[in-house]
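The structure under discussion appears below in the form of structure tokens.
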Amino acid sequence: MPFSGPQKAEFNNVRSLNQAFLNRLRTSPDAQMLLQAFSPKLRPLVAGLTDMQLRRLAETPFLLLSLREQDDDYWSVLFADDPTGDLFAVNSGGGHDRHLVAATLGFLWQLAQHNPYAVRLVSGATINWCDRLANSTLLRLLQRTADRTDLLRPRHSENLDFWRKLLGPGLSSEPGIRTAAHLSALQSMLTINRVAQYRDVRAAACRARLPALRVAEKPGRS
């Protein structure tokens, strides 16, 4: 069965979600718990991103935020619980996180309906997680996650090398260097602790067309 990579519109959604997440890390006073997930060496770099650096980093062809897509045990428990919260109730705390989680889940749920391989490429998700999304209604999915405060995380925040690539060459003013760093981080995301399971996804990543990331493009101002 041939793999089908994400389309341009889907990369646009990834970029938009990345921008919202990075801006929250950088500006929100109640995002300290998210920043604490990073190494002390990385926290000031993330919090100190300039507007231009934020836009460059958001161009990565995968989500910089994680919804614990590889934690099958967590999601099994979450779906086993009977949701009691009101999806449309006003939440006094963590409202921005809640909206970002809902937007990300909605994007990945829609993508899982017709292209689970693309979900795995942009989020590093397990097959089980993609199946769980595809087999759930969107309303049920949002109900199950509406009151969770432990769902949103920076992706691989514990991996110093991963984020050094992104916060170093991944912010370069040279498009070719920036693209190479982003794709190297993508490869790392797909293989961290999942070498055997993601062998087919790695092949898909090599074959997927990434319209927003072309090393051969002429460098331009950004």
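The values are calculated or read from the model by the stated rules, or taken from the named source; none is laboratory data. Everything numeric in this text was worked out from a predicted model, so none of it was measured. Because the Cβ atoms are built from the backbone with ideal geometry, glycine has one as well, and the counts that use them run over all protein chains shown.
Summary of computed values
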item: Residue among Gln36, Gln19, Gln7, Gln32 that alone is modelled with pLDDT under 95 and either under 30 Å from Tyr117 (Cβ atoms) or crowded, with 17+ Cβ neighbours inside 10 Å (or both); result: Gln7
item: Matching residues in segment 165-182 - criterion: being in contact (Cβ under 8 Å) with a residue 24 or more places away in the chain and touching a Leu at 6+ places or on another chain (Cβ under 8 Å); result: Leu166, Leu167, Gly170, Leu171, Arg178, Thr179, His182
item: Qualifying residues in segment 42-61 (those that are in contact (Cβ under 8 Å) with a residue 40 or more places away in the chain and in a helix (DSSP H, G or I)) - the one farthest from Gly124 (Cα to Cα); result: Met52
item: Residues that are more than 21 Å from Asn12 (Cβ to Cβ) and of a type in the set (Ser, Thr, Tyr), drawn from segment 25-63; result: Thr27, Ser28, Ser39, Thr50
item: Segment 162-172, subset farther than 12 Å from Phe38 by Cα and over 15 Å from the mean Cα position of the chain (by Cα), residue surrounded by the fewest Cβ atoms within 10 Å (Cβ to Cβ); result: Gly168
item: Residues located in segment 54-81, provided they are within 18 Å of Leu105 (Cα to Cα) and basic (Lys, Arg); result: Arg68
item: Evaluation of Gly176 against (1) under 30 Å from Lys41 (Cα atoms); (2) of a type outside the set (S, T, N, Q); (3) modelled with pLDDT under 95; (4) in a helix (DSSP H, G or I) (one fails), failing number; result: (3)
item: In segment 141-163, residue farthest from Leu190 (Cα to Cα) [restricted to those that are part of a helix (DSSP H, G or I) and without any contact (Cβ under 8 Å) to a residue 40 or more places away in the chain]; result: Leu141
